[in-house]
Structure formats: structure tokens, C-alpha cells
Amino acid sequence: FDIHGGGLDLQFPHHENEIAQSEGALGKPFVNYWLHNGFLNVDNEKMSKSLGNFFTIRDVLKSFDGEVLRFFMLRTHYRSPFNFSDQLLDDARTALRRLYTSLDGLSLPTEAGAIDWTDKHAAVFREAMDDDFNTPGALAVLFDLANEVNRTRSLATAGLLRALAGTLGVLQQQPQAFLQAGAGLDESAIAALIDQRAQAKQDRNFAEADRIRRE
């Protein structure tokens with residue numbers, strides 16, 4: 001194997017036994033890179049069936065986009081303990097929306113372009129990923145790029161942002177599609193509500209107008 005994953009608790013004796021058995025049988029190196037991940041906690045408690053706080057990814061995807069879940073997990077270094085909660089998922093969704101918002105309204109090609117690794121942002125991103133898969137450091141580069149896009153509206157910078165994010169499997173949707181997902185309203189429905197609010201104000205039904213505005 002090039003990369004072998006598993007929990008930190010499996011490092012000894014399980015993975016050491018795997019190395020001994022496989023290399024003893026084949027006479028060849030077993031794994032090039034070991035990635036032992038930290039434990040998963042739910043609301044600061046270890047996730048387990050006995051505690052009743054056990055759920056599957058399928059459960060999470062009923063409420064959150066898969067890209068949000070991926071982004072959420074990438075915010076924590078894989079060797080660190082990983083704490084899971086709906087509030088933290090909401091925070092991740094808000095952060096990911098910031099990245100998508102920076103791309104909104106720009107005419108970018110459908111396919112992400114090739115990455116120029118000599119670019120200063122790309123070089124820092126790569127350095128972070130080469131440093132034991134430091135995804136939090138890599139994500140910090142994406143936010144730096146998003147800030148620059150917001151300031152300059154540069155298509156080249158936006159293209160680099162999307163291309164680097166693509167190596168992590170995020171920013172893969174059209175910005176409008178992601179930003180409007182979960183709203184439960186399309187543009188025509190929103191326009192109809194605006195018309196209803198205007199009519200309510202004209203009728204001096206200010207309570208109804210306020211209700212529609214809040215909605």
C-alpha cells in the first residue's frame with residue numbers, strides 16, 4: 001500500500017502485527033505512509049453505540065450537503081481528536097458559504113484550470129499539504145484567496161481558488177446552486193413573496209408585511 005489509514009488505537013499492536021505478517025510473508029515493504037487518525041467525539045463525548053450517540057454519514061447527509069461535511073472534517077488535522085456537533089457543522093457551512101460567495105457572479109470556466117505551483121498562494125498551499133497533510137493550513141490559503149477575490153474580482157485569482165479547493169473536493173458546485181440550496185424557494189417563489197409583501201404594505205397590513213419580510 002502507498003497509504004494505510006486507521007485509528008491511533010490500532011497502531012499497536014494491530015498495525016505492527018500487520019507489518020510483521022505481510023513483510024514476513026512477502027519480503028517487501030508493506031506501507032509507504034501511515035495516517036493514524038484521532039478519535040471521533042460527539043459533543044465532546046466518544047461516539048459509541050453504548051452511549052446512544054452513534055450515527056452514520058447517511059444520517060448526516062439528510063441535513064447537510066456532502067461538501068459541507070467534507071469541508072468540516074478538513075478543518076481539523078487528521079491526527080487530532082475530531083469533535084462532531086450540529087453547531088460545528090453549521091459553522092462549517094457558514095465558512096464554506098464565504099468561499100462560494102467570493103466566486104458568485106464571476107464568469108469562470110466550467111472546468112477548473114491547471115494549477116501554477118509557482119504562484120505564492122499555491123506554493124503555501126502545497127507546503128501545508130506536504131506537511132503531514134495539514135488541511136487546516138491549506139484551507140487558510142483558500143480564505144486568503146477568497147479575500148483577494150472579493151477585493152479585486154480577479155478571474156485568475158478566482159480560478160486558482162477553485163482549482164486549489166478542487167484538490168480537496170470542495171467548491172465543486174456552481175456558486176448560485178450551493179448558496180441557494182436548502183432555501184426551499186426558487187426565484188419565482190421569492191418574487192411572489194415580494195409582490196405579496198408590497199400588496200400587504202399597500203393594504204396597510206403591516207403585520208403581514210413584516211411576517212413576509214422575516215420569511
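The values are calculated or read from the model by the stated rules, or taken from the named source; none is laboratory data. Because the structure is predicted, anything quoted here is derived from the model rather than measured. No Cβ is skipped: glycine too gets one built from the backbone with ideal geometry, and neighbour counts run over all protein chains shown. Remember, those area values only see protein heavy atoms, side chains included, never the ligands or the DNA or RNA. Shrake-Rupley method; radii C 1.70, N 1.55, O 1.52, S 1.80 Å.
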Worksheet entry | Gain in span if fully extended, ARG153 to ARG58, counting 0.36 nm per residue against the direct Cα distance | 30.5 nm
Practice prompt. Calculate the dipole size of the chain relative to its Cα centre from +1 charges on Lys and Arg beta carbons and -1 charges on Asp and Glu beta carbons; express the result in debye to the nearest 20.
Written response: 600
Worksheet item: Share of the chain's accessible area from carbon and sulfur, percent, 1.4 Å?
Response: 51
Discussion item. Quick one: 3J(HN,Hα) in Hz for segment 34-44, Karplus 6.51/-1.76/1.60 with θ = phi - 60°, rounded, Gly and Pro as x.
Written reply: 9, 10, 8, 8, x, 6, 8, 10, 10, 6, 6
Worksheet item: Using the Karplus equation 6.51 cos²θ - 1.76 cosθ + 1.60 (θ = phi - 60°), what ³J(HN,Hα) coupling, rounded to whole Hz, does each residue of segment 59-64 give in order, writing x for Gly and Pro?
Response: 4, 5, 5, 6, 10, 10
Worksheet entry | Long-range HN-HN contacts of GLY7 with modeled amide H, under 5 Å | ASN37
Worksheet item: List the aspartates and glutamates whose alpha-carbon lies under 19 Å from that of LYS28, not counting same-chain residues fewer than 8 positions away?
Response: ASP2, GLU16, GLU18
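Measuring with a 1.4 Å probe in the full set of protein chains, what accessible area per residue, in whole Å², belongs to the chain?
63
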Fill in: Candidate aspartates and glutamates for bridging to LYS49, where Cα separation is under 19 Å - those fewer than 8 sequence places away on the same chain excluded
ASP9, ASP59, ASP86
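Assuming 0.36 nm per residue, please report the length gained on full extension of the stretch ALA123 to THR94 beyond their Cα-Cα distance.
Stretched out fully, the ALA123 to THR94 stretch lengthens by 7.8 nm.
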Worksheet item: Can you tell which of LEU139, GLN196, PRO175 lies farthest toward the positive end of the dipole of segment 107-199, using +1 and -1 charges on the Cβ of basic and acidic side chains (Lys, Arg; Asp, Glu)?
Response: GLN196
Worksheet entry | Selected from ASP90, ASP119, ASP203 as most flexible by GNM, with the chain as the system and alpha-carbon contacts under 10 Å | ASP203
Fill in: 5 angstrom amide H check on ASN83, placed H, neighbours 5+ away
ASN41
